[in-house]
Amino acid sequence: MARAKHPQQYYDQIKDKFREERNLRLGYRPPGTDQFTSEFSGDLAKYAVDPYAKDVPSREPISDEVEVLFIGGGFSALLTSARLRERGIESVRIVERGSDVGGTWYWNRYPGAACDVVSYDYLPLLDELDYVPVNHYSRGPEIFSHCQAIAHKYNLYDLAVFNTTVTETRWDESDQLWHVKTDRGDVMRAQFVICANGTLAKPKLSAIAGMESFAGHSFHTSRWDYDYTGQNLEHLKDKVVGIIGTGASAVQIVPELAKVAKEVFVFQRTPSSIDVRDDWPTDPNWARKLEPGWQNKRRSKVLAAVENSLEKRAAKGASSPEEKLKKQENANIDYMMRIHKRIDEIVDDPATADALKPWYMFMCKRPCFHNEYLPSFNLPNVHLVDTHGQGITKINPKGPVFEGKEYGLDLLIYATGFEVQQTGIYNDIVGVDAVNLQDKYADGIRTLLGIHTAGFPNLFIMGGYQASFQFNLTEMLQTQGDHIAACIDYVFANGYHTLDVSDAAEEWWVQEVIGHRGKTGRSEECTPGYYNFEGNEQRRQDGNYNGGFRQYFEHQGLVREKMQENFHLASRKT
Ligand code: NDP
């Protein structure tokens with residue numbers, strides 16, 4: 001972000017407009033997550049069906065015992081199992097709702113799916129797999145294949161159980177094991193359980209009046225129906241397609257629809273910020289010269305660069321906290337106005353260009369990067385239906401209705417996002433003395449590092465609240481996986497059976513999280529979205545640890561230096 005270069009009045013006026021747009025949106029929608037539904041039953045049950053799991057084989061219920069059981073088979077499980085294998089731990093099982101590993105990249109197979117984090121940083125274990133990604137940014141299929149390659153390399157398919165949803169994870173004091181029940185009638189026992197079910201795993205739909213009555217075809221972006229669209233969307237040539245939502249998924253999908261479909265209607269409530277995507281094929285000469293350990297070195301450099309970001313530099317030299325904040329805000333506004341300028345340069349129709357402009361601070365919503373999204377709106381078959389913050393509130397048998405106009409569609413795609421889960425989806429987690437984790441969290445989330453929670457021995461949580469935020473999620477997950485593998489190794493190496501965080505260590509971390517929250521009012525001032533709990537007030541401990549990713553990583557190491565102080569470690573009771 002460039003140094004602020006306008007009189008303060010200019011920035012203040014833009015901030016007023018941000019506030020106006022935020023309040024407009026809050027006024028329209030039901031509060032918080034009430035506006036969404038992710039309980040798909042009855043007429044909505046079809047939105048949960050896995051279109052990629054063909055001919056699921058029947059099998060006998062499993063009743064056995066493993067050392068480590070992962071709930072979920074995405075990157076959290078893959079990264080951590082790799083580390084467990086490296087430490088010689090053999091008995092590792094993944095239980096996964098989908099029919100393969102991959103998590104997000106299993107489910108999100110929509111056309112155009114790609115990752116916005118540079119591939120050499122995002123794709124984990126590149127050194128270990130001796131793999132260099134094909135492009136600067138990876139497409140979905142390459143990432144999905146990489147997940148499968150990790151599972152093959154570390155023999156994770158051997159004990160894996162697919163097409164299976166964990167419904168209950170209960171600590172059993174009599175054998176001091178977790179008893180894991182599933183929707184396939186299994187009762188598996190495990191010494192360690194790792195909740196690796198992802199942060200944005202459960203699709204949600206905007207709860208729109210009349211949605212069940214829609215007579216055309218419809219699905220959620222994470223359940224793409226290629227039987228309907230054709231592998232290359234060729235069946236859409238004579239179809240009118242609508243898409244509700246303009247977040248990161250829709251931004252990647254719209255250009256693909258635009259190339260093929262007869263007509264495309266994009267129903268927008270809040271525009272995303274769209275910046276340039278600098279992509280290129282990997283230079284084979286560069287790839288050939290990479291030395292062992294290159295990815296770790298690279299990640300450290302990227303992290304140092306982020307921590308010394310332009311926003312922080314803009315704040316340097318400020319004399320008071322207020323001045324520092326103002327400088328940061330002004331630099332942020334300059335960036336967003338550059339995003340606006342780019343829209344004016346690309347989009348031909350001025351009214352459409354104006355409607356595509358995001359009026360909020362950078363990072364209030366997940367920023368997007370795409371070179372074809374904005375130009376799509378210059379095509380004659382693509383129509384932006386801007387709902388001015390209101391959103392689609394009515395659907396009839398023909399399609400969405402807005403301001404009295406009915407949009408007749410053959411296909412309606414819900415790009416309405418995912419439930420932001422805390423810990424355990426579809427799954428009741430019950431610890432010592434039959435305490436349910438959700439009940440324990442009723443007065444606020446309580447963990448150490450977002451990973452351990454007292455009264456739930458040998459249970460680890462990945463990607464949950466009270467962990468650090470990191471745009472490159474796999475890097476954050478890798479640190480958690482390394483930490484968890486080291487903890488399990490410590491238990492085995494020292495002849496213990498259980499590890500449970502002490503109340504004091506847990507309380508210390510809760511206070512750390514609270515202490516680093518809300519240094520600015522930015523989140524509360526943001527336009528609603530899942531980053532700020534849809535604009536709802538939130539308890540200060542029910543979010544990420546905001547002390548910085550490097551500090552989070554250092555805290556993990558410090559916690560492990562004092563295992564005896566931070567944890568109750570015990571042998572198996574006989
Ligand atoms: P999001 O939650 O980001 O977006 C949902 C969209 O639906 C928003 O634009 C929302 O508007 C809109 N919406 C909800 N209800 C209505 C309605 N009634 N009428 C009109 N619009 C409505 O979901 P996504 O699936 O796009 O992305 C989820 C996350 O997944 C991303 O934030 C990102 O973390 C990840 N992702 C990453 C990708 C990448 O690396 N490139 C690609 C795709 C996803 P409003 O903003 O007003 O609420």
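The values are calculated or read from the model by the stated rules, or taken from the named source; none is laboratory data. Remember, it's a predicted structure, so these values are computed and weren't measured experimentally. Backbone-built Cβ (ideal geometry, glycine too); neighbour counts: all protein chains shown. In case anyone asks, the SASA skips ligands and DNA or RNA and just uses the protein heavy atoms, side chains included. Shrake-Rupley method; radii C 1.70, N 1.55, O 1.52, S 1.80 Å.
Once whole DSSP H runs in the chain are found, which of them have Cα atoms spread over 24 Å or more along the helix axis and a mean Kyte-Doolittle score of at least -0.5?
Membrane-span-like by this criterion, though nothing is claimed about a membrane: 473-493.
Scattering from segment 187-244 was approximated by placing one identical point on each alpha carbon and applying the Debye formula without solvent; log10 I(q)/I(0) at 0.13, 0.26 1/Å stands at -0.57, -1.23. When the charge dipole of segment 39-124 is built from unit charges on Cβ atoms (+1 for Lys and Arg, -1 for Asp and Glu) and taken about the Cα centre, the candidate among Pro57, Ala113, Ser76 whose Cα reaches farthest toward its positive end is Ala113. Prolate is the label for segment 1-71, because the ratio a/c of its alpha-carbon gyration tensor axes (a ≥ b ≥ c) is 1.5 or higher and a/b is greater than b/c. Taking GluC sites (Glu not before Pro) across segment 392-495, the ones in a DSSP loop with at most 11 further Cβ atoms lying within 10 angstrom of their Cβ are Glu403. In this structure the chain gives 43 Å² per residue of accessible area when probed at 1.4 Å with all protein chains present.
Using only the C-alpha atoms, the convex hull of segment 43-144 corresponds to 144 Å³ per residue. For the chain, a crude dipole built from +1 on the beta carbon of Lys and Arg and -1 on the beta carbon of Asp and Glu, taken about the Cα centre, is about 1360 debye to the nearest 20. The alpha carbons of the chain occupy a box of 74, 64, 54 Å along the principal axes, longest dimension given first. Counting only Cβ charges, +1 for Lys and Arg and -1 for Asp and Glu, the dipole size of segment 232-312 around its Cα centre is about 240 debye. Estimated from helices alone, the mean residue ellipticity of the chain at 222 nm is -10000 deg cm²/dmol (sum of -39500 (n - 2.57) over DSSP H runs with n ≥ 4, per residue). Placing a pseudo-label 7 Å from each Cα along the Cα-to-Cβ vector at Asp443 and Arg19 gives an inter-label distance of 3.6 nm.
Taking label positions 7 Å along the Cα-Cβ direction at both Asp354 and Asp279, the computed distance is 3.3 nm, reported to one decimal. Compared with the direct C-alpha span, the chain from Arg366 to Gln564 gains 67.3 nm at full extension, assuming 0.36 nm per residue.
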